[in-house]
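What follows is a short report on a single structure.
Just so it is clear, none of the values below were taken in a lab; they were calculated from the coordinates. Values in this document were obtained by computation on a predicted structure and should not be read as measured data. Here the Cβ positions follow ideal geometry from the backbone for every residue, glycine too, while neighbour counts run over all protein chains shown.
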Amino acid sequence: MGDKKLVNRIEVRVRFSEVDSMAVVWHGNYVKFLEDGREAFGREHGAGYHEIYANGYLTPIVKMELNYLKPAVFGDVLVVETSYVNTEAAKLVFDYKIFRSSDGELLAKARTVQVFTDLEGRMELANPPFYHEWKKKNGLI
């Protein structure tokens, strides 16, 4: 496997509707921040949901690990760093770091795993041809 690193960074501003009664970002909203990161990664690197679907596949999440380190609050600007984890298996793995922009404080770390299914939901055990080509084009194999 190639050793190239594909990363995307985006900024998101914490909205009032995303904080809870303790005035910190409600834990479930971090899942949305990860989704924002995956969508931005796909747009930047040509591996978005539209491209996957256009090739006849879906990529449901089958595993998620999320570690909360420090709270974010209303008005914080967060940097969501999404890193592609290269694997030989027929799946998409991403690592995430969420930082507060103002001071660079690491607030959360996460990992998601997605598998490939056909449009009827049957899991693919081998890398789809378009995904193999995407990896070659990006110097990952």
Inset, instruction - Please report the relative contact order for region 60-141, taking Cα pairs under 8 Å with a sequence separation of at least 6, and give it as a percent rounded to a whole number. - result: 31 percent
Inset, instruction - Name the most mobile residue of 83, 17, 101, meaning the one with the largest mean-square fluctuation, in a Gaussian network model of the chain with Cα contacts below 10 Å. - result: 17
Inset, instruction - Taking 7 Å along the Cα-to-C-beta vector as the label spot, tell me the residue 88-residue 5 distance in nanometres, rounded to one decimal. - result: 2.4 nm
Inset, instruction - For the chain, divide the Cα radius of gyration by the Kirkwood radius and give the resulting Rg/Rh value with two decimals. - result: 1.01
Inset, instruction - Give a quick list of GluC sites (Glu not before Pro) in region 49-141 that DSSP marks as loop, anything other than H, G, I, E or B, with at most 11 other Cβ atoms within 10 Å. - result: 88, 120
Inset, instruction - Name the longest site-free stretch of the chain, where the excluded sites are trypsin sites (Lys or Arg not before Pro) in a DSSP loop with no more than 15 other beta-carbon atoms within 10 Å. - result: 16-121
Legend entry - residue 132-residue 15 pseudo-label distance in nm [points 7 Å out on the Cα-to-Cβ vector]: 4.2 nm
Legend entry - Tilt relative to the chain, helix 29-45 - C-alpha long axis, 0 to 90 degrees, to 10: 40 degrees
